[in-house]
């Protein structure tokens, strides 16, 4: 039986789908592959940004008043975790994993065919929302970018073309200087004095002062045989 072999998609809640698509296409170069009304909901929409044909970052936007199937939750808070879907290699392995999950006494629903992938759904500790998905091909954006949702997100034709085919970037060999901290730009999670202290360091200083590569347990490198004890001295 196969096991999950990676993350199929990580779904995050957003209050501004267009801003997320703009950021992930421009800053990371990810292609917009799907933007459509989310199945089983009334008003949610779903966007998928390609990392590779079998792995995506997904966003879920729930406008005020939208309701998910079978429940009436408040609108999800923006920039929070929604669910994670792990990838398996085939539908046969998807069903094998369903058997394994059920054999542990955990309820699991599916497969549900979403067109570009098939998925099963279950829960984890502390309320985690989990999914296992499989697909053989990447998402065909011609079929999965809905013009109605594009318009709903305020995306025009030129922007859509750029999101589907982000501008290529030629790397500078790690020589681009740190930009000044700007209020309208995201920044790492450090706050206050810690953030300003880090930003005063050079890249080399950050690496030297903030790295901690030593593992908690000292072991021999894999494949290296332990040295034989020295022979006892003859008396």
Hits in region 18-36 (condition: over 15 Å from the mean Cα position of the chain (by Cα) and in contact (Cβ under 8 Å) with a residue 12 or more places away in the chain) = 18, 22, 26, 35, 36
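May I ask you to verify whether residue 204 is surrounded by fewer than 10 Cβ atoms within 10 Å (Cβ to Cβ), part of a helix (DSSP H, G or I), modelled with pLDDT of 90 or more and out of contact with any strand residue (DSSP E or B) (no Cβ under 9 Å at 6 or more places or on another chain)? Full working, then the answer.
Values: surrounded by fewer than 10 Cβ atoms within 10 Å (Cβ to Cβ): yes; part of a helix (DSSP H, G or I): yes; modelled with pLDDT of 90 or more: yes; out of contact with any strand residue (DSSP E or B) (no Cβ under 9 Å at 6 or more places or on another chain): yes.
Judged against the criteria, residue 204 is a match.
Keeping to region 141-166, report how many residues are over 13 Å from residue 35 (Cβ atoms), out of contact with any helix residue (DSSP H, G or I) (no Cβ under 8 Å at 6 or more places or on another chain) and part of a loop (DSSP other than H, G, I, E, B). Full working, then the answer.
As a first pass, look at region 141-166 and keep what is over 13 Å from residue 35 (Cβ atoms): 156-158, 161-162, 165-166.
This time we only want the ones that are out of contact with any helix residue (DSSP H, G or I) (no Cβ under 8 Å at 6 or more places or on another chain), so: 156-158, 161, 165.
Cutting the leftovers down to part of a loop (DSSP other than H, G, I, E, B) gives us 156, 165.
Total meeting the criteria: 2.
For residue 162, are the conditions met, namely being at pLDDT below 90 and within 25 Å of the chain's Cα centre (by Cα)?
Values: at pLDDT below 90: no; within 25 Å of the chain's Cα centre (by Cα): yes.
No; evaluated as a whole, the condition is false for this residue.
Restricting attention to region 1-33, which residues are in contact with a helix residue (DSSP H, G or I) (Cβ under 7 Å, 6 or more places away or on another chain) and in a strand (DSSP E or B)? Give the steps one after another, and end with the answer.
So the first thing to find is which residues in region 1-33 are in contact with a helix residue (DSSP H, G or I) (Cβ under 7 Å, 6 or more places away or on another chain), and the list is 1-2, 14, 21, 25, 30-33.
Passing the criteria: 14, 31, 32, 33.
Using the structure shown, decide if residue 81 is at pLDDT 95 or above and either over 30 Å from residue 27 (Cβ atoms) or in contact with a strand residue (DSSP E or B) (Cβ under 9 Å, 6 or more places away or on another chain) (or both).
For residue 81, the condition - at pLDDT 95 or above and either over 30 Å from residue 27 (Cβ atoms) or in contact with a strand residue (DSSP E or B) (Cβ under 9 Å, 6 or more places away or on another chain) (or both) - is not met.
The values are calculated or read from the model by the stated rules, or taken from the named source; none is laboratory data. Every value quoted in this text rests on a predicted model; they were computed, and no experiment measured them. Neighbour counts run over all protein chains shown; Cβ positions are idealised from the backbone, glycine included.
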